[in-house]
Amino acid sequence: ELKEIVFIIQSQSNSFHSKRAEDLKRDILKQAADLGKELPTVLLIHQMDGHEGAWTILPLMRDFSVTYGRNSSWIFFCEEDTRVQVIKLLETLGRFDVSKEWFLGKALYDEESTIIHHYAFAENPTVFKFPDFAAGWALSIPLVNKLAKKLKSEPLKSDFTIDLKHEIALYIWQKGEGPHLTPVPEFCTDDVDPDRCATTFSNFLPLCGEPVKKEDVFVAVKTCQKFHGDRIPVVKQTWEREAALIEYYSDYADTSIPTIDLGIPNTDRGHCGKTFAILERFLNHSSPRTPWLVIVDDDTLISIFRLRKLLSCYNPNEPVFLGERYGYGLGTGGYSYITGGGGMVFSRTAVQKLLASKCRCYSMDAPDDMVLGMCFSGLGIPITHSPLFHQARPMDYPKDYLSHQIPVSFHKHWNIDPVKVYFTWLAPNAEESLNGKKVGYNREDL
(Lines give C-alpha, C1' and ligand atoms only; values in the text may rest on other atoms or scores of the structure.)
Protein backbone atom coordinates (compact mmCIF):
# COMPACT_ATOMS: atom_id res chain seq x y z
CA GLU A 1 0.00 0.00 0.00
CA LEU A 2 1.13 3.54 -0.74
CA LYS A 3 0.55 4.57 2.88
CA GLU A 4 3.25 2.04 3.87
CA ILE A 5 5.94 4.09 2.04
CA VAL A 6 7.54 6.96 3.97
CA PHE A 7 9.03 9.47 1.50
CA ILE A 8 12.06 11.39 2.75
CA ILE A 9 13.16 14.31 0.55
CA GLN A 10 16.84 15.14 1.10
CA SER A 11 16.07 18.85 1.31
CA GLN A 12 17.92 21.97 2.47
CA SER A 13 16.78 25.03 4.40
CA ASN A 14 17.97 27.64 1.88
CA SER A 15 14.84 29.27 0.38
CA PHE A 16 15.58 28.16 -3.20
CA HIS A 17 16.08 24.53 -2.17
CA SER A 18 13.24 24.31 0.35
CA LYS A 19 10.78 25.58 -2.28
CA ARG A 20 11.89 22.87 -4.73
CA ALA A 21 11.48 20.24 -2.03
CA GLU A 22 7.99 21.54 -1.14
CA ASP A 23 7.04 21.38 -4.85
CA LEU A 24 8.14 17.74 -4.99
CA LYS A 25 6.20 16.93 -1.80
CA ARG A 26 3.06 18.48 -3.30
CA ASP A 27 3.56 16.50 -6.52
CA ILE A 28 3.90 13.18 -4.66
CA LEU A 29 0.78 13.86 -2.56
CA LYS A 30 -1.20 14.97 -5.63
CA GLN A 31 -0.27 11.78 -7.50
CA ALA A 32 -1.37 9.74 -4.47
CA ALA A 33 -4.68 11.63 -4.23
CA ASP A 34 -5.30 11.20 -7.98
CA LEU A 35 -4.85 7.45 -7.53
CA GLY A 36 -7.52 7.50 -4.82
CA LYS A 37 -4.98 6.07 -2.37
CA GLU A 38 -4.53 6.84 1.31
CA LEU A 39 -1.83 9.50 1.39
CA PRO A 40 1.73 8.49 2.27
CA THR A 41 3.94 10.37 4.73
CA VAL A 42 6.26 12.83 2.95
CA LEU A 43 8.97 14.48 5.06
CA LEU A 44 11.62 17.11 4.33
CA ILE A 45 14.89 16.17 5.95
CA HIS A 46 15.92 19.74 6.83
CA GLN A 47 12.78 20.07 8.95
CA MET A 48 13.49 16.95 10.96
CA ASP A 49 14.69 17.06 14.50
CA GLY A 50 16.51 20.35 13.94
CA HIS A 51 19.94 18.81 14.38
CA GLU A 52 22.84 19.70 12.15
CA GLY A 53 23.55 16.11 11.10
CA ALA A 54 20.08 15.30 9.73
CA TRP A 55 21.39 15.42 6.15
CA THR A 56 23.69 12.48 6.95
CA ILE A 57 20.55 10.34 7.50
CA LEU A 58 22.08 7.67 9.77
CA PRO A 59 21.49 9.74 12.95
CA LEU A 60 17.75 9.69 12.06
CA MET A 61 17.46 5.88 11.83
CA ARG A 62 16.35 5.44 15.43
CA ASP A 63 13.58 8.02 14.95
CA PHE A 64 12.49 6.28 11.73
CA SER A 65 12.41 2.94 13.54
CA VAL A 66 10.41 4.23 16.52
CA THR A 67 7.92 6.21 14.43
CA TYR A 68 7.47 4.00 11.36
CA GLY A 69 8.86 0.61 12.43
CA ARG A 70 5.45 -1.00 12.93
CA ASN A 71 3.08 0.39 10.30
CA SER A 72 5.35 1.03 7.31
CA SER A 73 7.20 -1.18 4.84
CA TRP A 74 9.68 1.18 3.15
CA ILE A 75 11.59 4.39 3.70
CA PHE A 76 12.17 5.90 0.26
CA PHE A 77 14.75 8.68 -0.04
CA CYS A 78 15.11 11.11 -2.93
CA GLU A 79 16.60 14.49 -3.78
CA GLU A 80 14.59 17.67 -4.40
CA ASP A 81 15.08 17.26 -8.17
CA THR A 82 14.20 13.57 -8.33
CA ARG A 83 10.96 13.04 -10.23
CA VAL A 84 8.83 10.19 -8.90
CA GLN A 85 6.12 8.24 -10.73
CA VAL A 86 4.23 7.07 -7.66
CA ILE A 87 2.27 4.24 -9.31
CA LYS A 88 5.44 2.87 -10.92
CA LEU A 89 7.34 3.12 -7.63
CA LEU A 90 4.56 1.16 -5.91
CA GLU A 91 4.80 -1.57 -8.55
CA THR A 92 8.60 -1.67 -8.30
CA LEU A 93 8.73 -1.95 -4.50
CA GLY A 94 5.92 -4.54 -4.69
CA ARG A 95 8.36 -7.02 -6.24
CA PHE A 96 10.34 -7.28 -3.00
CA ASP A 97 9.46 -9.27 0.12
CA VAL A 98 9.05 -6.56 2.78
CA SER A 99 9.81 -8.97 5.62
CA LYS A 100 13.44 -9.09 4.46
CA GLU A 101 16.30 -6.56 4.68
CA TRP A 102 16.54 -4.64 1.41
CA PHE A 103 18.78 -1.79 0.32
CA LEU A 104 17.63 -0.72 -3.16
CA GLY A 105 18.93 1.93 -5.58
CA LYS A 106 20.63 2.76 -8.83
CA ALA A 107 24.15 1.38 -8.46
CA LEU A 108 27.29 3.47 -8.80
CA TYR A 109 30.82 2.11 -8.40
CA ASP A 110 34.38 3.41 -8.54
CA GLU A 111 36.35 2.50 -11.62
CA GLU A 112 39.58 3.01 -9.71
CA SER A 113 40.24 3.40 -6.01
CA THR A 114 39.93 7.02 -4.98
CA ILE A 115 40.96 9.29 -2.13
CA ILE A 116 37.32 10.41 -1.69
CA HIS A 117 36.52 6.89 -0.50
CA HIS A 118 39.81 6.41 1.38
CA TYR A 119 40.95 3.99 -1.34
CA ALA A 120 38.32 1.44 -0.26
CA PHE A 121 38.37 -1.91 -2.11
CA ALA A 122 41.70 -0.91 -3.65
CA GLU A 123 42.21 -4.31 -5.33
CA ASN A 124 38.92 -4.04 -7.24
CA PRO A 125 36.78 -0.99 -6.42
CA THR A 126 34.13 -1.97 -9.00
CA VAL A 127 32.84 -4.72 -6.68
CA PHE A 128 31.33 -2.30 -4.16
CA LYS A 129 28.08 -0.65 -5.26
CA PHE A 130 26.57 2.47 -3.68
CA PRO A 131 23.39 4.39 -4.56
CA ASP A 132 23.02 7.40 -6.82
CA PHE A 133 20.85 9.55 -4.55
CA ALA A 134 19.49 11.43 -7.58
CA ALA A 135 17.62 8.28 -8.69
CA GLY A 136 16.10 7.69 -5.26
CA TRP A 137 16.93 4.78 -2.93
CA ALA A 138 14.97 2.67 -0.48
CA LEU A 139 15.43 0.76 2.77
CA SER A 140 12.96 -1.89 3.93
CA ILE A 141 11.72 -1.43 7.50
CA PRO A 142 13.43 -4.61 8.81
CA LEU A 143 16.75 -3.08 7.68
CA VAL A 144 15.87 0.30 9.23
CA ASN A 145 15.09 -1.45 12.53
CA LYS A 146 18.36 -3.37 12.40
CA LEU A 147 20.37 -0.19 11.73
CA ALA A 148 18.56 1.62 14.56
CA LYS A 149 19.41 -1.20 16.95
CA LYS A 150 23.07 -1.13 15.92
CA LEU A 151 23.23 2.66 16.31
CA LYS A 152 21.80 2.35 19.80
CA SER A 153 24.56 -0.02 20.92
CA GLU A 154 27.37 1.51 18.82
CA PRO A 155 26.99 5.29 18.37
CA LEU A 156 28.35 6.79 15.18
CA LYS A 157 32.01 7.65 15.33
CA SER A 158 32.77 11.36 15.44
CA ASP A 159 34.70 11.77 12.22
CA PHE A 160 34.32 13.10 8.69
CA THR A 161 31.40 12.79 6.29
CA ILE A 162 32.86 13.23 2.81
CA ASP A 163 30.76 11.22 0.36
CA LEU A 164 27.52 10.30 2.08
CA LYS A 165 26.22 7.82 -0.50
CA HIS A 166 29.36 5.69 -0.26
CA GLU A 167 29.57 5.96 3.53
CA ILE A 168 25.94 4.91 4.02
CA ALA A 169 26.45 1.90 1.74
CA LEU A 170 29.55 0.92 3.75
CA TYR A 171 27.68 1.27 7.03
CA ILE A 172 24.78 -0.88 5.80
CA TRP A 173 27.16 -3.50 4.34
CA GLN A 174 28.77 -3.95 7.79
CA LYS A 175 31.98 -5.52 6.42
CA GLY A 176 29.95 -8.15 4.57
CA GLU A 177 27.46 -8.97 7.33
CA GLY A 178 24.74 -6.64 6.06
CA PRO A 179 23.06 -6.40 2.67
CA HIS A 180 24.75 -5.15 -0.47
CA LEU A 181 22.93 -2.58 -2.56
CA THR A 182 20.45 -4.31 -4.88
CA PRO A 183 20.41 -2.46 -8.25
CA VAL A 184 16.88 -1.60 -9.39
CA PRO A 185 16.57 -0.74 -13.11
CA GLU A 186 13.40 1.31 -12.47
CA PHE A 187 15.42 3.82 -10.41
CA CYS A 188 16.75 6.07 -13.19
CA THR A 189 18.55 9.37 -13.64
CA ASP A 190 17.63 9.81 -17.30
CA ASP A 191 14.25 9.52 -18.96
CA VAL A 192 15.37 7.52 -21.98
CA ASP A 193 12.80 4.84 -21.14
CA PRO A 194 9.90 6.58 -19.35
CA ASP A 195 7.75 3.42 -19.46
CA ARG A 196 10.31 1.59 -17.33
CA CYS A 197 11.41 4.31 -14.90
CA ALA A 198 9.79 4.90 -11.52
CA THR A 199 12.17 7.80 -10.95
CA THR A 200 14.12 10.23 -13.12
CA PHE A 201 16.37 13.16 -12.34
CA SER A 202 15.63 16.40 -14.10
CA ASN A 203 18.24 18.90 -13.04
CA PHE A 204 21.63 19.40 -14.64
CA LEU A 205 22.38 23.06 -13.89
CA PRO A 206 19.61 25.22 -12.44
CA LEU A 207 18.87 28.57 -14.04
CA CYS A 208 16.34 30.88 -12.39
CA GLY A 209 16.25 33.82 -14.77
CA GLU A 210 19.17 35.76 -16.19
CA PRO A 211 22.63 34.65 -15.01
CA VAL A 212 24.09 37.09 -12.50
CA LYS A 213 26.30 39.72 -14.13
CA LYS A 214 30.05 39.13 -14.44
CA GLU A 215 30.65 42.24 -12.32
CA ASP A 216 28.55 40.74 -9.51
CA VAL A 217 31.06 37.97 -8.78
CA PHE A 218 34.40 38.77 -7.14
CA VAL A 219 36.92 35.90 -7.42
CA ALA A 220 39.74 35.50 -4.90
CA VAL A 221 42.49 32.99 -5.76
CA LYS A 222 44.60 31.72 -2.86
CA THR A 223 48.18 31.04 -3.92
CA CYS A 224 51.76 31.24 -2.64
CA GLN A 225 55.12 31.99 -4.21
CA LYS A 226 56.12 28.36 -4.75
CA PHE A 227 53.08 27.81 -7.01
CA HIS A 228 53.27 31.05 -9.03
CA GLY A 229 55.22 29.31 -11.80
CA ASP A 230 53.10 26.19 -12.35
CA ARG A 231 49.55 26.71 -11.07
CA ILE A 232 48.82 30.35 -11.95
CA PRO A 233 49.60 29.86 -15.68
CA VAL A 234 46.89 27.15 -15.72
CA VAL A 235 44.33 29.60 -14.30
CA LYS A 236 45.34 32.16 -16.92
CA GLN A 237 45.06 29.63 -19.77
CA THR A 238 41.65 28.39 -18.63
CA TRP A 239 39.04 30.20 -16.58
CA GLU A 240 40.58 33.59 -15.68
CA ARG A 241 39.01 35.21 -18.77
CA GLU A 242 35.52 34.32 -17.46
CA ALA A 243 36.02 36.50 -14.38
CA ALA A 244 35.51 40.27 -14.54
CA LEU A 245 36.80 40.82 -10.99
CA ILE A 246 39.71 38.59 -9.93
CA GLU A 247 42.62 39.01 -7.51
CA TYR A 248 45.44 36.61 -6.60
CA TYR A 249 46.40 36.55 -2.91
CA SER A 250 49.86 35.29 -2.00
CA ASP A 251 52.71 35.56 0.48
CA TYR A 252 54.71 37.49 -2.12
CA ALA A 253 53.80 40.42 -4.36
CA ASP A 254 54.61 39.42 -7.93
CA THR A 255 53.76 42.22 -10.37
CA SER A 256 53.85 39.93 -13.40
CA ILE A 257 50.68 38.06 -12.28
CA PRO A 258 49.91 40.35 -10.33
CA THR A 259 49.61 38.93 -6.79
CA ILE A 260 48.75 40.80 -3.61
CA ASP A 261 50.77 40.06 -0.49
CA LEU A 262 48.32 39.98 2.41
CA GLY A 263 51.19 40.03 4.91
CA ILE A 264 50.37 36.50 6.06
CA PRO A 265 53.12 33.90 5.67
CA ASN A 266 52.28 30.71 3.78
CA THR A 267 51.66 27.64 5.93
CA ASP A 268 51.87 23.97 4.98
CA ARG A 269 48.70 23.15 6.90
CA GLY A 270 45.52 25.25 6.86
CA HIS A 271 45.08 28.76 5.50
CA CYS A 272 42.64 30.22 8.00
CA GLY A 273 44.57 33.47 8.50
CA LYS A 274 44.80 34.08 4.76
CA THR A 275 41.12 33.32 4.14
CA PHE A 276 39.89 35.65 6.88
CA ALA A 277 42.17 38.39 5.50
CA ILE A 278 40.50 37.88 2.09
CA LEU A 279 37.03 38.14 3.68
CA GLU A 280 38.02 41.40 5.46
CA ARG A 281 39.43 42.79 2.22
CA PHE A 282 36.28 41.88 0.27
CA LEU A 283 34.09 43.64 2.81
CA ASN A 284 36.24 46.74 3.17
CA HIS A 285 37.91 47.23 -0.22
CA SER A 286 35.63 45.86 -2.94
CA SER A 287 32.57 47.67 -4.25
CA PRO A 288 29.69 47.33 -1.78
CA ARG A 289 27.54 46.64 -4.83
CA THR A 290 29.36 43.34 -5.52
CA PRO A 291 27.04 40.74 -3.96
CA TRP A 292 29.07 37.54 -4.39
CA LEU A 293 32.56 36.40 -3.36
CA VAL A 294 34.17 33.15 -4.56
CA ILE A 295 37.35 31.88 -2.87
CA VAL A 296 39.26 29.19 -4.78
CA ASP A 297 42.63 27.47 -4.52
CA ASP A 298 45.22 28.02 -7.24
CA ASP A 299 44.64 24.39 -8.36
CA THR A 300 40.84 24.72 -8.55
CA LEU A 301 39.34 24.51 -12.05
CA ILE A 302 36.05 26.40 -12.13
CA SER A 303 33.46 27.62 -14.62
CA ILE A 304 32.53 31.17 -13.62
CA PHE A 305 30.14 31.13 -16.59
CA ARG A 306 28.14 28.27 -15.04
CA LEU A 307 28.48 29.65 -11.53
CA ARG A 308 26.74 32.85 -12.68
CA LYS A 309 23.81 30.73 -13.90
CA LEU A 310 23.67 28.83 -10.63
CA LEU A 311 23.78 32.02 -8.56
CA SER A 312 20.66 33.30 -10.36
CA CYS A 313 18.77 30.90 -8.06
CA TYR A 314 20.03 32.41 -4.79
CA ASN A 315 19.11 35.62 -3.02
CA PRO A 316 22.29 37.57 -2.14
CA ASN A 317 20.33 39.39 0.60
CA GLU A 318 20.25 36.07 2.47
CA PRO A 319 23.42 34.78 4.17
CA VAL A 320 24.44 32.18 1.56
CA PHE A 321 27.50 29.94 2.03
CA LEU A 322 27.57 27.61 -0.97
CA GLY A 323 29.74 24.77 -2.29
CA GLU A 324 30.37 21.07 -1.68
CA ARG A 325 29.25 20.13 1.83
CA TYR A 326 31.29 17.92 4.13
CA GLY A 327 30.57 17.11 7.76
CA TYR A 328 32.69 16.75 10.88
CA GLY A 329 31.53 14.84 13.98
CA LEU A 330 27.89 15.03 12.96
CA GLY A 331 26.95 11.91 14.93
CA THR A 332 27.92 13.78 18.10
CA GLY A 333 26.70 17.31 17.41
CA GLY A 334 29.52 18.56 15.16
CA TYR A 335 29.11 20.85 12.17
CA SER A 336 28.91 20.95 8.37
CA TYR A 337 31.34 22.92 6.24
CA ILE A 338 32.05 23.78 2.59
CA THR A 339 35.20 22.02 1.48
CA GLY A 340 37.63 24.61 0.14
CA GLY A 341 39.14 22.89 -2.90
CA GLY A 342 35.90 22.87 -4.89
CA GLY A 343 35.43 26.61 -4.27
CA MET A 344 33.57 28.46 -1.50
CA VAL A 345 30.87 30.97 -2.49
CA PHE A 346 29.67 33.66 -0.07
CA SER A 347 26.96 36.27 -0.35
CA ARG A 348 28.14 39.65 0.93
CA THR A 349 25.44 39.32 3.60
CA ALA A 350 27.05 36.09 4.86
CA VAL A 351 30.50 37.74 5.02
CA GLN A 352 29.04 40.73 6.93
CA LYS A 353 27.36 38.47 9.50
CA LEU A 354 30.48 36.33 9.90
CA LEU A 355 32.88 39.23 10.45
CA ALA A 356 30.43 41.01 12.77
CA SER A 357 30.35 37.88 14.93
CA LYS A 358 34.00 38.00 16.02
CA CYS A 359 34.31 34.27 15.26
CA ARG A 360 37.92 33.89 14.09
CA CYS A 361 40.75 31.42 13.49
CA TYR A 362 42.03 29.61 16.59
CA SER A 363 45.43 29.58 14.81
CA MET A 364 46.69 31.09 11.56
CA ASP A 365 47.25 27.63 10.06
CA ALA A 366 43.89 26.15 11.13
CA PRO A 367 41.87 24.60 8.27
CA ASP A 368 39.98 27.60 6.89
CA ASP A 369 37.02 25.65 5.54
CA MET A 370 36.38 23.87 8.85
CA VAL A 371 36.70 27.05 10.92
CA LEU A 372 34.21 28.76 8.58
CA GLY A 373 31.85 25.80 9.05
CA MET A 374 32.14 26.11 12.83
CA CYS A 375 31.55 29.86 12.70
CA PHE A 376 28.48 29.67 10.44
CA SER A 377 27.10 26.77 12.49
CA GLY A 378 27.44 28.88 15.65
CA LEU A 379 25.60 31.72 13.89
CA GLY A 380 22.76 29.40 12.85
CA ILE A 381 23.55 30.03 9.16
CA PRO A 382 23.12 26.78 7.22
CA ILE A 383 25.59 25.45 4.68
CA THR A 384 24.07 25.26 1.18
CA HIS A 385 25.26 22.20 -0.70
CA SER A 386 25.60 21.90 -4.45
CA PRO A 387 26.80 18.61 -5.97
CA LEU A 388 28.17 20.60 -8.94
CA PHE A 389 31.27 21.63 -6.94
CA HIS A 390 33.94 18.94 -6.67
CA GLN A 391 36.83 18.61 -4.23
CA ALA A 392 38.59 16.11 -6.51
CA ARG A 393 39.31 15.34 -10.19
CA PRO A 394 36.78 14.01 -12.74
CA MET A 395 38.24 10.49 -12.63
CA ASP A 396 37.66 10.36 -8.87
CA TYR A 397 33.89 10.13 -9.47
CA PRO A 398 31.81 7.43 -11.18
CA LYS A 399 31.11 8.34 -14.82
CA ASP A 400 27.43 7.60 -14.31
CA TYR A 401 27.28 10.11 -11.46
CA LEU A 402 28.84 12.90 -13.51
CA SER A 403 26.64 12.09 -16.52
CA HIS A 404 23.63 13.91 -15.01
CA GLN A 405 25.61 17.00 -14.01
CA ILE A 406 26.90 20.12 -15.68
CA PRO A 407 29.76 20.60 -13.20
CA VAL A 408 30.89 23.95 -11.84
CA SER A 409 34.32 22.95 -10.47
CA PHE A 410 37.00 20.30 -10.03
CA HIS A 411 40.14 20.42 -7.92
CA LYS A 412 43.76 19.23 -7.98
CA HIS A 413 46.26 18.95 -10.85
CA TRP A 414 47.61 15.61 -9.66
CA ASN A 415 48.34 13.15 -12.52
CA ILE A 416 46.13 15.01 -15.01
CA ASP A 417 46.49 17.65 -17.70
CA PRO A 418 44.46 20.40 -15.97
CA VAL A 419 44.06 22.48 -19.15
CA LYS A 420 42.61 19.48 -20.94
CA VAL A 421 40.29 18.74 -18.00
CA TYR A 422 39.04 22.33 -18.08
CA PHE A 423 38.32 22.35 -21.81
CA THR A 424 36.66 18.93 -21.69
CA TRP A 425 34.49 19.44 -18.60
CA LEU A 426 34.13 23.13 -17.77
CA ALA A 427 34.74 25.46 -20.71
CA PRO A 428 31.71 27.50 -21.81
CA ASN A 429 30.23 26.14 -24.97
CA ALA A 430 27.69 27.60 -27.34
CA GLU A 431 25.11 24.87 -26.85
CA GLU A 432 25.18 25.47 -23.14
CA SER A 433 23.01 28.51 -23.34
CA LEU A 434 20.06 26.21 -24.06
CA ASN A 435 18.48 26.88 -20.67
CA GLY A 436 20.77 24.63 -18.70
CA LYS A 437 19.74 21.53 -20.66
CA LYS A 438 22.10 18.62 -20.91
CA VAL A 439 24.82 19.09 -23.47
CA GLY A 440 26.56 16.47 -25.57
CA TYR A 441 30.13 16.82 -24.33
CA ASN A 442 33.01 15.03 -25.86
CA ARG A 443 34.31 13.82 -22.52
CA GLU A 444 37.11 11.45 -23.35
CA ASP A 445 38.51 9.43 -20.48
CA LEU A 446 40.86 11.76 -18.69
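Applying the selection to the range 273-291, what residues are at pLDDT below 95 and either open to solvent by less than 10 Å² (accessible area, probe 1.4 Å) or not in a helix (DSSP H, G or I) (or both)?
Ser286, Ser287, Pro288, Arg289
Within the range 99-107, does at least one residue satisfy the condition of being in a loop (DSSP other than H, G, I, E, B), of a type in the set (S, T, N, Q), touching a helix residue (DSSP H, G or I) at 6+ places or on another chain (Cβ under 8 Å) and not assigned by the TED database to the domain that holds His385?
The answer is yes, given that some residue of the range 99-107 is in a loop (DSSP other than H, G, I, E, B), of a type in the set (S, T, N, Q), touching a helix residue (DSSP H, G or I) at 6+ places or on another chain (Cβ under 8 Å) and not assigned by the TED database to the domain that holds His385.
Right, Ser73: surrounded by 19 or more Cβ atoms within 10 Å (Cβ to Cβ), of a type outside the set (D, E, K, R) and in the same structural domain as Asp191 (by the TED database) or not?
Yes, satisfied.
Do you know which residues across the range 99-118 are under 18 Å from Tyr401 (Cα atoms) and out of contact with any His (no Cβ under 8 Å at 6 or more places or on another chain)?
Matches in the range 99-118: Leu104, Gly105, Lys106, Ala107, Leu108, Tyr109, Glu111, Glu112, Ser113, Thr114, Ile115.
Table: residues versus (1) assigned by the TED database to the domain that holds Gly229; (2) surrounded by fewer than 20 Cβ atoms within 10 Å (Cβ to Cβ); (3) on the phi > 0 side of the Ramachandran plot.
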| site | (1), (2), (3) |
| --- | --- |
| Thr255 | yes, yes, no |
| Gly263 | yes, yes, yes |
| His271 | yes, no, no |
| Leu293 | yes, no, no |
| Val296 | yes, no, no |
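Need pairs with beta-carbon distance below 8 Å; first residue under 30 Å from Tyr335 (Cβ atoms) and within the range 59-83, second in a helix (DSSP H, G or I) and modelled with pLDDT under 95; sequence gap 6+ or separate chains.
Pro59/Gly53; Pro59/Leu151; Pro59/Leu330; Pro59/Gly331; Leu60/Ala54; Met61/Leu151; Arg62/Leu151; Arg62/Lys152
Take Leu307 and tell me if it is out of contact with any Gly (no Cβ under 9 Å at 6 or more places or on another chain) and either under 23 Å from Ala244 (Cα atoms) or not assigned by the TED database to the domain that holds Val219 (or both).
no
Yes or no: Phe133 in contact with an Asp or Glu (Cβ under 6 Å, 6 or more places away or on another chain) and at negative phi?
Judged against the criteria, Phe133 is a match.
Results for (1) β-branched (Val, Ile, Thr); (2) surrounded by fewer than 18 Cβ atoms within 10 Å (Cβ to Cβ); (3) in contact with a Cys (Cβ under 7 Å, 6 or more places away or on another chain), shown as yes or no for each residue.
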site: Val184; (1), (2), (3): yes, no, no
site: Ser202; (1), (2), (3): no, yes, no
site: Lys214; (1), (2), (3): no, yes, no
site: Phe218; (1), (2), (3): no, no, no
site: Arg241; (1), (2), (3): no, yes, no
site: Asn266; (1), (2), (3): no, yes, yes
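Mind counting the residues in the range 40-50 that are assigned to a loop (DSSP other than H, G, I, E, B) and either at pLDDT 95 or above or open to solvent by less than 60 Å² (accessible area, probe 1.4 Å) (or both)?
2
Considering (1) more than 19 Å from Ala148 (Cα to Cα); (2) in contact with an Asp or Glu (Cβ under 7 Å, 6 or more places away or on another chain), say which one Trp74 fails and leave the rest.
(1)
Hey, can you tell me all the residues within the range 165-179 that are surrounded by 18 or more Cβ atoms within 10 Å (Cβ to Cβ) and more than 24 Å from the chain's Cα centre (by Cα)?
The one that is surrounded by 18 or more Cβ atoms within 10 Å (Cβ to Cβ) and more than 24 Å from the chain's Cα centre (by Cα): Pro179.
Any idea which of Asp63, Asp27, Asp34, Asp23 is within 28 Å of Gly176 (Cα to Cα), out of contact with any helix residue (DSSP H, G or I) (no Cβ under 7 Å at 6 or more places or on another chain) and open to solvent by 10 Å² or more (accessible area, probe 1.4 Å)?
Asp63
Name the residues in the range 108-164 that are outside any helix (DSSP H, G or I), aliphatic (A, V, I, L, M) and buried (at least 21 other Cβ atoms within 10 Å of the Cβ), would you?
The answer is Leu108, Ala138, Leu139.
Looking at the range 3-39 only, could you name the residues that are over 16 Å from Gly136 (Cα atoms), in a helix (DSSP H, G or I) and either aliphatic (A, V, I, L, M) or over 29 Å from the mean Cα position of the chain (by Cα) (or both)?
Answer for the range 3-39, where residues must be over 16 Å from Gly136 (Cα atoms), in a helix (DSSP H, G or I) and either aliphatic (A, V, I, L, M) or over 29 Å from the mean Cα position of the chain (by Cα) (or both): Lys3, Glu4, Leu29, Ala32, Ala33, Asp34.
Can we say Val235 is assigned by the TED database to the domain that holds Ser286, buried (at least 18 other Cβ atoms within 10 Å of the Cβ) and out of contact with any Ser or Thr (no Cβ under 9 Å at 6 or more places or on another chain)?
The answer is no for Val235.
Would you call Thr92 modelled with pLDDT of 95 or more and either buried (at least 16 other Cβ atoms within 10 Å of the Cβ) or aromatic (Phe, Trp, Tyr) (or both)?
Yes.
The values are calculated or read from the model by the stated rules, or taken from the named source; none is laboratory data. In this text the structure is predicted, and so the values were computed from the model without any measurement. Don't worry about glycine lacking a Cβ; one is built from the backbone with ideal geometry, like all the others, and counts go over all protein chains shown. Note: accessible area is taken over every heavy atom of the protein model, side chains too, but ligands, DNA and RNA are not part of it. Shrake-Rupley method; radii C 1.70, N 1.55, O 1.52, S 1.80 Å.
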